[in-house]
Each structure stands twice: as C-alpha cells, then as structure tokens.
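Following: one structure in structure tokens, then a few remarks.
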Amino acid sequence: MQSVEKLAPEKKAPSSTSGFQFRTPANIQDFADDPAKQSTMNGLWSNNLDGFIQQGMLNNPWNTTNTPATTNYYNPIDNNPPSQAANIQWLAFPGRLAFNFPSATQAQLYEMADTGVMPGQISNDPCGTGQNVAYFPYGPRGWQDEYCEWAVTRNAVGKITRIDFTCENPEYWNTLWEVDPNKVLTLYQTILDKPQITLQDLSVPGIVNPITNQPIYNPLNKWNTGPVSSASTGGAIHLTSTPNTIQTEIGLATTSTIQRFNPPPPPPTTNTMWPSSQFNNLICVGQFGQRYRNSDPNIGGTVNNFVTQGFMVTLADPPGLYIQMPNFATYQTPDGTDASTFWTIKRGSQTLTDQSGKPLPGNFILHAVFEVPASKGYTVSDIKISNVPINWGSQVAYTFKMQIVASAYQGTTPKGYEPVGDTDPANTFAQPLQLFYRNYFDTLYNINVPNPVNHPIPLLSNSTYVPSVVNIGTTAANMAIVVGTCTAKENQPNTYPSITFDDPNITAQVTAVKENITYAIPGNSQPSTNTVVYMVMTVGANATPGQHGVYVTNVGQQRQAAMPALFVVSPVTTQANIAWQNTGVVLNSNNKATIKYASGLWTANPQDNGGQLYNANGNPTFIAAKKGYTMPGQNEGALIGKVGNTVFLVGMGASVPPNLSGEIQLCINDDLNGLYGAGLTDNIGSIVVTIDVS
C-alpha cells in the first residue's frame, strides 16, 4: 500500500472557475524571448499543479482507513479568495543522518551528507520495529532528502572549488523538456557552465516521444547525478531523491490537513492539536512524509496546526521549494572578503511578490553556486565556517534553510480522525498509481541505477506525475498502468482488472499483466511492489480535451474512485519546429480519412511574410519548396501529411489518399535537414487539426 509519502486522486479536466493560473517556480521565465512558448509552458505548468492538487485532495479511498477527502485544503484554480501567506522553514542538511547514527561526530555527518557512504543499515519502518535495510532513499543523491541537493567540484589536489545547490523540482524540468528539449540543453550548459553537454547526454537511449518522435528526457542523466561534479560528468540541476518532488510536497500538505486525535483513542478524546515536540508522532499517525527529516514533520505539523485553528490552507503561488540565503556571519575568508560575495543565485530570486504585488516572505532561490573566483588565489576549502575549513558541501548546507510558503484564510475546524490503518480484504480495492506509454515504462523499469549503499533501483523511480499526452482520435496507444492492491494474476485473463475512464469516449483493452513490479513510486522513500497492467487505449473523436482520471476495478468488485489527472487528451497539434510527428491515428486500407485545419498559426521562416505567422496553407506568397523539403514543389510552410511512404498535401484540408495503411504523420513544409540554413530550428508556432476516420 502506498503512503505519502502517498498518492491520492479524483476529478476531471482542468477547471478555471476562479480565472487563476499558477506561476512557474519563483515565477521563472525560461522562454522570456519566446512569448508563445512561455505561454505554453505557463499553461502546462498550471495544469500540472492543478492535477497534483486534485490527486492530493482525494487522499486514499482504496486501501487505507481514516483517509477521507480533504475539507480544509483549497485549490486556487477552483476558488481563490483573499488569504495571508506564511513561510515554513527547515534546515537544508539531512536531519535523518543524526537520528539514525547518533554516535557519529559532526565531521562524520558532513562526510555522509556529501558522499552517501553510510556506516550501517537502518530500520525500514521508522514508525515501528521493521527490518534493517540499506540507508534510503536510494539513488545517486537519495540521502539528500530535505528538498535540497548539491554537487561538489574539486581541483586536482582535492580542494573544493565550487558547490552547486538546487531545489528545483523534477516535474518542472520534465515539462520544460516537453515544450523544448533544446531549451533544456541550453540551460544545462549555462547553469553548470559546461558547454560540452549535448542533447544526447540528457536523453534516455532507445526510446522517443510517441507523438513528436523527439528524445525522452533522462532525469538522472550524467550531468544531474551524484554528489560530485567534474568536466566529464556530474552536476546538480534539479532534485533526484525519490521523495524530492513538488507532487510529493503537495501531497504532504493536503494529507496533513486531516485532523488526528491526540493522543489516538482509546480513551476517547476531542483534542486534535499536536505540539511541535510531537510532529514526528503525527507523521506516523497520519502516514505522510518521512519521520525525523527536518522538513516533513515541520511542514506537516505546521499545516496541521493551521487547520486545527480553523484555517483553509494551500501552498502559496508560486508553489515550490526554495533555498534561503545562508548565514554568512560565521564564515571566515583568508583575505577578509565577505563570503556572501561568492554566493551566486543562478536561478530564482531573493524576493518575490504575489500576483497582486504584495511581498511574499523569505527568499525564492532555485539554484545557487558557492564559488571563489580564480583571481582570488584560494578556494572554497580555504574558507572556514566557525573556524573549521570547508571540506564538504554539506557544511555550507548547514548554514541555510529551505522553505515553502503556505497561504490561508479563515474557515472552520474539521472533525478529527483516528490513525490511518489498513483496510480489511473486502474493502481493499485496486489503487491506480501511474500511467505511462508502454515503451517508456519498459525501458525505464529495466535500467537499474546504482547508488553508494549498493542498492540499485529502476530509473522508473525517477519518473514523475506529469501526465502522459494522448491525442484525440488515437486508435491504439500501448499504455502501462501501475496498480496497487491489484488481484490480477499473470497469464490469467479471467483475473485481469477492468480499466475505465471519466469519459465514455475513451476506452481500453487489457492485454497483459505483470506482478511484482518493484520501484519507488514518486514521492516515496522506499521501493514498493505493485502490478503493472498493459493495455491498448483508444481515444474517440468526441473525447474531451484536458486532464483525465483512470478507474481500475478488480474482478468481482465495484468501481471505486478514479486517480485523476493521470493523462491529458490533446487535440492533434503539429509543431512547426519538429519533423514528422505522429497523430496516433492508424489507418488500414479500408479506412477513409479527412484532415481539416482547426486553428493555429506558424511560419517556416520568420524572415518571410513580414514576420507574420500564417495558417496551414503556408506562406501567403507562394514559395515552391526546394529539394530536401518535406514536399518539394508545394508551398513553403504548408501542412503536409504522410502515411507510410506516401506524402500528400494537407493545407487547410484534404482527404488521405485511399488504400493506405499505417499511422498518419504531419509536418510543416520546410527544409527538413538544414540543407539551406537553419532548417526547422527557427520555425515558430503550431497548427491544430481534426481527423475524421470512417
């Protein structure tokens, strides 16, 4: 069973009854020079956060008791009344190290925090007796689990020359990649000051995006893995420890609003207030977060106390995890230079306002670098903190805090509940966890990632809840859904669950089941064992665009709640700067298909047509496409289609040539391979079409 560190769900496509849109973390604008892409990014990001909140507010109706839907957490997308902001802060240094190894010296703790090499095993159940296992979370930086991670660069004699600190969530970077992989590449190169990084370095080998045919982002690529950074590998761009995600943080905040009796009955009590000295106990009673972290008990307990006082709460916009300025008062440099001058904010800012212009509390730093200029003639290791030379990056982490910002308005105090428990077998239902394209699931599940405690886990543990995109009209998408407490058995079709959706125009046929799938569901510190159900999904032409939930129903049981926002149904959209893109619509020789322009503008050359974008007919002044273009002889910038090897003009609308079999692909008519200049790379915009098949 999953705890949240736990997952939850149900609702449908994104609503915006309040007219509100979430901002990106620290309101960062990575496409400031491209308003169209920034608008796309802003919309995707807001929808992602809306989905994560839906998942958290449902709580767990499948396999735990005393886990009702939340009443005192609100989603600003639906309701955004005036509220007051308050920050919640904690030390960036991993707090569980000192608890699990109480005899370790501070110097030893610093070394553990940097290297991940641990002196022994720990209990796998911090709330009970459990069994001893290798130190978790697993992963190349798994032990840095306070929502702050770092990588250290050393010179030839072992002195620290640079430390990169990051608190950026992986969901943001996956979304950024979805908009433009090349922007991600540029940011890696500039943030880490490593121009040698390539797009191939950042990609998962062997698979591509099933719609765009572009590379798939590898969150544990060679430049965002481990605690060591060098010219050939390593770095810290975004968080990688499996519980260090924004969806987890939202799940923790939503779940912690549920009031718990203190002490838990018996005897009966009406008290639901938990003092800070008991926050670690509240973690166990409510089953959220990880005990003895600096972060989770503090976040969960503080949010819980807000609700005990009758407040409605949410994470203030923009939701995120933020580094605070270090306390440089105890730093001593060899030449007396103020050490704060060596601290560079690479991403984020020291201050931020809400959408009305009111200052928000604390700092909003996403990525910072501590580095002494070479001209100084000394290194970071020559600086002292409290008279101790900096031998480890964690010494710097010990001097600053992290924060989230909550927002609240007055409501009423909800009823209290007893501790979270397990359901009896008759009331234990299939829990939808994650939905993937099958190739993505199979590939990432079969890539094992090493770590310092010699407990490798699948790369799939670093997947996210950013929803998969499936086009309207998709005829046969091969998907994989991971399910908890599923009763299905391999190779026994009569035991396979039914998969249904919150839209009757979306259907699925289960094709296979695999039991004992073990990886860390995002948000969880330890791997768990679940079932994967393979299916073929069909999305009808009348399916509603937007976020959708998935129901999984065990044989012999009634349908329960859907896991919301597991995937997004999208109109068929063709990007101007990408070559042949899949539509998801697969024809056989008996089908008749018509493609019609619906909306959107683009250009194959921003220097033509006075810089104005145009529709699917192409350039208003006919320019015959050259050899090497998508369709030579037809108008540059026109929409072109292809099935198999047959290429045809679509423009504003066309019937697909008869007797063709295969998937419909679409592309702008332009220089596919850059024979005459920039090729597709300077193209702007996108076109949306409808495809009718009979």
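Worth pointing out:
- Taking other residues whose beta carbon is less than 10 angstrom from the beta carbon of THR186, and scoring Lys, Arg as +1 and Asp, Glu as -1, yields -1.
- Kirkwood hydrodynamic radius of the range 275-431, Cα pairs, Å: 19.1 Å
- Relative protection proxy for 631-637, 48-54, from highest mean packing down: 48-54, 631-637 (other beta-carbon atoms within 10 angstrom).
- The chain: angle of helix 246-255 to the longest principal axis, Cα-based, in degrees nearest 10: 60 degrees
- By the helix-only formula, in which each DSSP H run with n ≥ 4 contributes -39500 (n - 2.57) and the sum is divided by residues, the chain has a 222 nm mean residue ellipticity of -4500 deg cm²/dmol.
- Taking packing as the residue-averaged number of other Cβ atoms within 10 angstrom, the listed peptides 659-665, 176-182, 410-416 run from highest to lowest as 176-182, 659-665, 410-416.
- Each Lys or Arg adds one and each Asp or Glu takes one away; over the other residues whose Cβ falls under 12 Å from the Cβ of SER407, this sums to -1.
- Trypsin sites (Lys or Arg not before Pro) within the range 623-677: DSSP coil, no more than 15 neighbouring Cβ in 10 Å: LYS626, LYS627
- Backbone amide hydrogens, once placed in the peptide plane, bring ALA512 within less than 5 Å of TYR534, excluding anything fewer than 5 places away on its chain.
- Protection proxy ranking, highest mean first, for peptides 604-614, 399-409: 399-409, 604-614, where packing is the per-residue count of other beta-carbon atoms within 10 Å, averaged.
- Vicinal HN-Hα couplings computed from phi for the range 599-611 (Karplus, 6.51 cos²θ - 1.76 cosθ + 1.60; Hz; Gly/Pro x): 6, x, 9, 7, 8, 8, 7, x, 7, 8, 6, x, x
- Database remark: amide H of GLY653 closer than 5 angstrom to the amide H of TYR597 (H placed geometrically; neighbours at sequence offset of 5 or more, or on other chains; Pro and chain starts carry no H).
- For the chain, the longest principal axis of the C-alpha atoms and the axis of helix 35-58 are separated by about 60°.
- At a Cβ-Cβ separation cutoff of 4.7 angstrom, cysteine residues of the chain with no neighbouring cysteine are CYS148, CYS167, CYS486, CYS667.
- With Cα atoms, 0 to 90° folded angle of helix 296-308 axis to the chain main axis: 90 degrees
- Burial ordering of HIS455, HIS367, HIS548, fewest other beta-carbon atoms within 10 Å first: HIS455, HIS367, HIS548
- Net charge of Cβ neighbours under 12 Å - reference ASN294; Lys, Arg +1; Asp, Glu -1: +1
- Identified option (computed volume of the Cα convex hull per residue in Å³; candidates (i) 154; (ii) 314; (iii) 170): (iii)
- Residue-by-residue Karplus 3J(HN,Hα) for the range 406-418, coefficients 6.51, -1.76, 1.60, Hz, glycine and proline x: 9, 10, 8, 9, 6, x, 10, 6, x, 5, x, 9, 6
FYI, it's all coordinate maths here, none of it is from the lab. If you're wondering where the values come from, they're calculated on a predicted model, not measured in any experiment. Positions of Cβ are generated from backbone atoms using ideal geometry, with glycine treated the same way; all protein chains shown enter the neighbour counts.
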